[in-house]
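Worksheet for the structure shown next.
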Amino acid sequence: KKDQPIGIFDSGVGGLTVAHAIQNQLPDEQIIYFGDTFHLPYGDKSRDSVQYYSTRIADFLLGYNCKVLLIACNTASASAYEQVTQHVGDRAVVFNVIDPVVQYLSASQVKGTVGVIGTKGTINSGTYQTKLGEEIPGLEVVALSTPLLVPMIEEGFIYDDISNAIIRAYLSHPSLKGINTLILGCTHYPIIKRQIEKFFNFEVEIIDSGQMVAVPVREYLQSNGLMRSRGSPVHKFFVSDYTEYFEKISRMFFEENIHLEQINIWK
Ligand code: DGL
(Lines give C-alpha, C1' and ligand atoms only; values in the text may rest on other atoms or scores of the structure.)
Protein backbone atom coordinates (compact mmCIF):
# COMPACT_ATOMS: atom_id res chain seq x y z
CA LYS A 1 0.00 0.00 0.00
CA LYS A 2 1.04 3.59 -0.60
CA ASP A 3 1.63 4.48 3.03
CA GLN A 4 3.97 1.59 3.79
CA PRO A 5 7.61 2.61 4.26
CA ILE A 6 10.74 1.80 2.26
CA GLY A 7 13.23 -0.37 4.15
CA ILE A 8 16.91 0.28 3.52
CA PHE A 9 19.90 -1.53 4.99
CA ASP A 10 23.67 -1.59 4.95
CA SER A 11 26.46 -2.62 7.28
CA GLY A 12 26.91 0.98 8.44
CA VAL A 13 26.78 4.56 7.21
CA GLY A 14 27.26 3.73 3.52
CA GLY A 15 23.59 3.03 2.91
CA LEU A 16 22.81 6.53 4.11
CA THR A 17 24.11 7.75 0.74
CA VAL A 18 21.39 5.58 -0.82
CA ALA A 19 18.74 6.67 1.68
CA HIS A 20 19.65 10.26 0.87
CA ALA A 21 19.20 9.64 -2.86
CA ILE A 22 15.82 8.01 -2.16
CA GLN A 23 14.78 11.00 -0.09
CA ASN A 24 15.72 13.36 -2.94
CA GLN A 25 13.82 11.35 -5.54
CA LEU A 26 10.90 10.41 -3.31
CA PRO A 27 10.54 13.10 -0.64
CA ASP A 28 7.13 11.88 0.59
CA GLU A 29 8.26 8.33 1.33
CA GLN A 30 8.98 7.16 4.85
CA ILE A 31 12.35 5.42 5.27
CA ILE A 32 13.19 2.74 7.83
CA TYR A 33 16.98 2.37 7.89
CA PHE A 34 19.03 -0.37 9.48
CA GLY A 35 22.83 -0.08 9.78
CA ASP A 36 24.37 -3.33 10.98
CA THR A 37 27.29 -1.62 12.72
CA PHE A 38 27.66 -4.64 15.03
CA HIS A 39 28.86 -6.77 12.08
CA LEU A 40 30.63 -4.08 10.09
CA PRO A 41 32.53 -4.49 7.79
CA TYR A 42 30.61 -6.96 5.62
CA GLY A 43 33.35 -6.86 3.00
CA ASP A 44 35.57 -9.27 4.97
CA LYS A 45 32.81 -11.69 5.99
CA SER A 46 31.97 -15.00 4.31
CA ARG A 47 29.15 -15.22 1.80
CA ASP A 48 27.17 -17.37 4.27
CA SER A 49 27.44 -14.76 7.01
CA VAL A 50 26.37 -11.91 4.72
CA GLN A 51 23.39 -14.00 3.53
CA TYR A 52 22.40 -14.76 7.11
CA TYR A 53 22.66 -11.13 8.25
CA SER A 54 20.77 -9.88 5.20
CA THR A 55 17.79 -12.24 5.53
CA ARG A 56 17.50 -11.49 9.27
CA ILE A 57 17.58 -7.75 8.59
CA ALA A 58 14.96 -8.22 5.85
CA ASP A 59 12.69 -9.84 8.47
CA PHE A 60 13.31 -6.95 10.85
CA LEU A 61 12.37 -4.41 8.17
CA LEU A 62 9.33 -6.43 7.16
CA GLY A 63 8.23 -6.06 10.77
CA TYR A 64 7.72 -2.41 9.82
CA ASN A 65 5.58 -3.52 6.91
CA CYS A 66 7.92 -2.15 4.24
CA LYS A 67 6.59 -2.22 0.69
CA VAL A 68 10.10 -2.14 -0.78
CA LEU A 69 13.40 -3.43 0.59
CA LEU A 70 16.54 -1.83 -0.70
CA ILE A 71 19.83 -3.62 -0.17
CA ALA A 72 21.94 -0.46 0.09
CA CYS A 73 25.18 -2.41 0.27
CA ASN A 74 27.13 -3.74 -2.69
CA THR A 75 28.61 -6.58 -0.66
CA ALA A 76 25.17 -7.84 0.35
CA SER A 77 23.81 -7.12 -3.15
CA ALA A 78 26.60 -9.29 -4.59
CA SER A 79 26.24 -12.16 -2.12
CA ALA A 80 22.70 -12.17 -0.81
CA TYR A 81 20.29 -10.58 -3.30
CA GLU A 82 18.86 -13.92 -4.53
CA GLN A 83 18.51 -15.28 -0.96
CA VAL A 84 16.78 -12.14 0.29
CA THR A 85 14.44 -12.07 -2.73
CA GLN A 86 13.51 -15.72 -2.21
CA HIS A 87 13.15 -15.30 1.53
CA VAL A 88 10.93 -12.23 1.21
CA GLY A 89 8.75 -13.77 -1.49
CA ASP A 90 5.71 -11.66 -2.25
CA ARG A 91 5.89 -9.71 1.03
CA ALA A 92 7.89 -6.86 -0.58
CA VAL A 93 9.86 -6.06 -3.71
CA VAL A 94 13.63 -6.24 -3.25
CA PHE A 95 16.13 -3.97 -5.04
CA ASN A 96 19.89 -4.27 -5.09
CA VAL A 97 22.44 -1.56 -5.94
CA ILE A 98 24.35 -3.46 -8.65
CA ASP A 99 21.74 -4.11 -11.38
CA PRO A 100 20.83 -0.42 -11.88
CA VAL A 101 24.52 0.39 -12.54
CA VAL A 102 24.79 -2.39 -15.12
CA GLN A 103 21.56 -1.23 -16.77
CA TYR A 104 22.69 2.40 -16.82
CA LEU A 105 26.05 1.55 -18.41
CA SER A 106 24.37 -0.71 -20.94
CA ALA A 107 21.81 1.97 -21.88
CA SER A 108 24.53 4.61 -22.21
CA GLN A 109 26.54 2.26 -24.47
CA VAL A 110 29.68 2.70 -22.44
CA LYS A 111 32.92 1.91 -24.27
CA GLY A 112 36.58 1.63 -23.34
CA THR A 113 37.67 0.36 -19.95
CA VAL A 114 35.48 0.49 -16.88
CA GLY A 115 36.97 0.20 -13.41
CA VAL A 116 35.12 -1.09 -10.34
CA ILE A 117 36.31 -0.62 -6.79
CA GLY A 118 34.63 -2.25 -3.82
CA THR A 119 35.11 -4.46 -0.81
CA LYS A 120 36.87 -7.82 -1.03
CA GLY A 121 33.48 -9.53 -0.81
CA THR A 122 32.07 -7.58 -3.75
CA ILE A 123 35.13 -7.80 -5.99
CA ASN A 124 35.89 -11.47 -5.25
CA SER A 125 32.28 -12.45 -5.89
CA GLY A 126 32.80 -11.38 -9.52
CA THR A 127 29.22 -10.09 -9.65
CA TYR A 128 29.99 -6.79 -11.40
CA GLN A 129 32.41 -8.47 -13.80
CA THR A 130 29.87 -11.20 -14.71
CA LYS A 131 26.82 -8.94 -15.01
CA LEU A 132 28.68 -6.29 -17.04
CA GLY A 133 30.15 -9.01 -19.27
CA GLU A 134 26.71 -10.51 -19.93
CA GLU A 135 25.00 -7.18 -20.56
CA ILE A 136 27.78 -5.42 -22.50
CA PRO A 137 29.82 -8.05 -24.38
CA GLY A 138 33.35 -6.94 -25.19
CA LEU A 139 33.52 -4.29 -22.47
CA GLU A 140 36.83 -4.30 -20.64
CA VAL A 141 36.28 -4.35 -16.89
CA VAL A 142 39.03 -4.03 -14.29
CA ALA A 143 38.11 -4.70 -10.68
CA LEU A 144 40.10 -3.78 -7.61
CA SER A 145 39.29 -4.34 -3.97
CA THR A 146 39.97 -1.37 -1.72
CA PRO A 147 39.27 -2.83 1.74
CA LEU A 148 40.70 -0.01 3.86
CA LEU A 149 38.22 2.55 2.57
CA VAL A 150 35.21 1.38 4.61
CA PRO A 151 36.97 1.37 8.03
CA MET A 152 38.65 4.66 7.06
CA ILE A 153 35.28 6.29 6.35
CA GLU A 154 33.57 4.72 9.39
CA GLU A 155 36.38 6.15 11.53
CA GLY A 156 35.77 9.60 10.08
CA PHE A 157 38.95 9.91 8.02
CA ILE A 158 37.59 11.86 5.07
CA TYR A 159 38.97 14.87 3.21
CA ASP A 160 42.23 14.81 5.14
CA ASP A 161 45.85 13.73 4.63
CA ILE A 162 45.30 10.16 5.80
CA SER A 163 42.40 9.51 3.43
CA ASN A 164 44.24 11.25 0.58
CA ALA A 165 47.22 8.94 1.08
CA ILE A 166 45.09 5.77 1.21
CA ILE A 167 43.02 6.79 -1.83
CA ARG A 168 46.19 7.61 -3.76
CA ALA A 169 47.78 4.28 -2.82
CA TYR A 170 44.77 2.34 -4.11
CA LEU A 171 43.84 4.34 -7.17
CA SER A 172 47.36 4.54 -8.55
CA HIS A 173 47.22 0.76 -9.07
CA PRO A 174 48.45 0.08 -12.63
CA SER A 175 45.25 -1.82 -13.53
CA LEU A 176 43.23 1.39 -13.23
CA LYS A 177 45.41 3.28 -15.73
CA GLY A 178 43.40 4.18 -18.79
CA ILE A 179 39.90 3.74 -17.37
CA ASN A 180 37.28 6.25 -18.51
CA THR A 181 34.59 5.24 -16.02
CA LEU A 182 34.86 4.18 -12.39
CA ILE A 183 32.05 2.43 -10.56
CA LEU A 184 31.99 3.16 -6.84
CA GLY A 185 31.01 -0.42 -6.02
CA CYS A 186 30.48 0.31 -2.35
CA THR A 187 27.86 2.62 -0.94
CA HIS A 188 30.36 4.11 1.51
CA TYR A 189 32.50 5.56 -1.28
CA PRO A 190 30.21 8.42 -2.38
CA ILE A 191 31.18 10.04 0.94
CA ILE A 192 34.69 10.49 -0.55
CA LYS A 193 33.55 10.98 -4.16
CA ARG A 194 35.16 14.42 -4.53
CA GLN A 195 38.52 13.07 -3.40
CA ILE A 196 38.27 10.26 -5.95
CA GLU A 197 37.22 12.63 -8.74
CA LYS A 198 40.10 14.89 -7.88
CA PHE A 199 42.58 12.01 -7.98
CA PHE A 200 41.54 11.44 -11.62
CA ASN A 201 41.63 15.20 -12.38
CA PHE A 202 37.87 15.05 -12.99
CA GLU A 203 38.57 13.17 -16.25
CA VAL A 204 36.91 9.88 -15.28
CA GLU A 205 33.14 9.45 -15.01
CA ILE A 206 32.38 8.33 -11.47
CA ILE A 207 29.30 6.14 -11.05
CA ASP A 208 27.59 6.13 -7.68
CA SER A 209 25.80 2.80 -7.26
CA GLY A 210 23.44 4.23 -4.64
CA GLN A 211 22.29 7.16 -6.77
CA MET A 212 21.51 4.79 -9.62
CA VAL A 213 18.99 2.72 -7.69
CA ALA A 214 16.73 5.63 -6.74
CA VAL A 215 15.40 5.88 -10.30
CA PRO A 216 14.15 2.27 -10.69
CA VAL A 217 12.63 2.43 -7.19
CA ARG A 218 10.70 5.57 -8.16
CA GLU A 219 9.63 4.03 -11.47
CA TYR A 220 8.44 0.88 -9.72
CA LEU A 221 6.36 2.83 -7.18
CA GLN A 222 4.94 5.09 -9.88
CA SER A 223 3.95 2.34 -12.27
CA ASN A 224 2.33 0.31 -9.49
CA GLY A 225 0.42 3.20 -7.93
CA LEU A 226 2.46 2.84 -4.72
CA MET A 227 3.81 6.38 -4.30
CA ARG A 228 3.02 7.91 -0.93
CA SER A 229 1.35 11.25 -1.42
CA ARG A 230 1.25 12.66 2.10
CA GLY A 231 4.32 14.77 2.94
CA SER A 232 6.54 15.14 6.04
CA PRO A 233 7.41 11.51 6.67
CA VAL A 234 9.19 10.66 9.92
CA HIS A 235 12.10 8.39 9.13
CA LYS A 236 13.50 5.83 11.53
CA PHE A 237 17.18 4.94 11.80
CA PHE A 238 18.35 1.82 13.61
CA VAL A 239 21.87 0.60 14.31
CA SER A 240 22.88 -2.71 15.84
CA ASP A 241 25.74 -1.00 17.69
CA TYR A 242 25.82 2.69 18.57
CA THR A 243 28.62 4.77 17.10
CA GLU A 244 28.95 8.50 17.49
CA TYR A 245 30.11 8.85 13.92
CA PHE A 246 26.95 7.21 12.62
CA GLU A 247 24.91 9.79 14.43
CA LYS A 248 27.09 12.60 13.08
CA ILE A 249 26.96 11.44 9.50
CA SER A 250 23.24 10.71 9.56
CA ARG A 251 22.74 14.34 10.59
CA MET A 252 24.94 15.39 7.68
CA PHE A 253 22.55 13.65 5.27
CA PHE A 254 19.26 14.15 7.10
CA GLU A 255 19.30 17.56 8.63
CA GLU A 256 16.08 17.24 10.56
CA ASN A 257 16.27 15.79 14.06
CA ILE A 258 16.76 12.16 13.28
CA HIS A 259 15.64 9.31 15.46
CA LEU A 260 18.66 7.05 15.97
CA GLU A 261 17.90 3.91 17.91
CA GLN A 262 20.18 1.11 18.90
CA ILE A 263 18.52 -2.27 18.60
CA ASN A 264 19.86 -5.75 19.12
CA ILE A 265 18.22 -7.97 16.56
CA TRP A 266 20.98 -10.60 16.97
CA LYS A 267 19.87 -11.99 20.32
N1 DGL B 1 28.46 -0.18 2.09
C2 DGL B 1 28.92 -1.55 1.96
C3 DGL B 1 29.06 -1.91 0.51
O4 DGL B 1 28.44 -1.24 -0.32
C5 DGL B 1 30.10 -1.67 2.86
C6 DGL B 1 30.63 -2.97 3.04
C7 DGL B 1 31.31 -3.30 4.32
O8 DGL B 1 30.69 -3.23 5.37
O9 DGL B 1 32.45 -3.76 4.21
O10 DGL B 1 29.69 -2.85 0.11
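The values are calculated or read from the model by the stated rules, or taken from the named source; none is laboratory data. If you're wondering where the values come from, they're calculated on a predicted model, not measured in any experiment. As a convention, Cβ positions derive from the backbone with ideal geometry for all residues, glycine included, and neighbour counts pool all protein chains shown. Note: accessible area is taken over every heavy atom of the protein model, side chains too, but ligands, DNA and RNA are not part of it. Shrake-Rupley method; radii C 1.70, N 1.55, O 1.52, S 1.80 Å.
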Every residue from region 168-199 that is open to solvent by less than 40 Å² (accessible area, probe 1.4 Å), within 16 Å of the ligand (Cβ to nearest atom) and in a helix (DSSP H, G or I): Tyr189, Pro190, Ile191, Ile192, Ile196
Positions within region 66-93 being in a strand (DSSP E or B), within 16 Å of the ligand (Cβ to nearest atom) and either open to solvent by 10 Å² or more (accessible area, probe 1.4 Å) or under 18 Å from Leu226 (Cβ atoms) (or both), in sequence order: Leu69, Leu70
Test for Ser223: is it surrounded by 14 or more Cβ atoms within 10 Å (Cβ to Cβ), at pLDDT 95 or above, more than 30 Å from Ser172 (Cα to Cα) and small (Gly, Ala, Ser): no
Condition broken by Ile57, with the remaining ones in (1) assigned to a helix (DSSP H, G or I); (2) open to solvent by 10 Å² or more (accessible area, probe 1.4 Å) satisfied: (2)
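Results for (1) more than 15 Å from Val13 (Cα to Cα); (2) touching a strand residue (DSSP E or B) at 6+ places or on another chain (Cβ under 6 Å), shown as yes or no for each residue.
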position	(1), (2)
Pro190	no, yes
Asn201	yes, no
Gly210	no, no
Arg218	yes, no
Met252	no, no
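Can you say whether Ile158 is under 20 Å from the mean Cα position of the chain (by Cα), within 11 Å of the ligand (Cβ to nearest atom), open to solvent by less than 50 Å² (accessible area, probe 1.4 Å) and at pLDDT below 95, as far as the supplied structure shows?
No: the conditions fail for Ile158.
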Enumeration of residues in region 23-50 that are within 14 Å of the ligand (Cβ to nearest atom) and not in a loop (DSSP other than H, G, I, E, B): Tyr33, Phe34, Gly35, Tyr42, Gly43, Asp44, Arg47, Ser49, Val50
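Can you go through Arg228, Arg194 and tell me which one is at pLDDT 85 or above, among the charged types (D, E, K, R) and either within 20 Å of Ala72 (Cα to Cα) or under 19 Å from the mean Cα position of the chain (by Cα) (or both)?
After applying the criteria, what remains is Arg194.
Would you point out which residue out of Ser240, Ser209 is surrounded by 12 or more Cβ atoms within 10 Å (Cβ to Cβ) and in contact with a Cys (Cβ under 8 Å, 6 or more places away or on another chain)?
That would be Ser209, the only listed residue that is surrounded by 12 or more Cβ atoms within 10 Å (Cβ to Cβ) and in contact with a Cys (Cβ under 8 Å, 6 or more places away or on another chain).
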Ala19 open to solvent by less than 10 Å² (accessible area, probe 1.4 Å) and either touching a residue at least 60 places away in the same chain (Cβ under 8 Å) or among the acidic types (Asp, Glu) (or both): yes
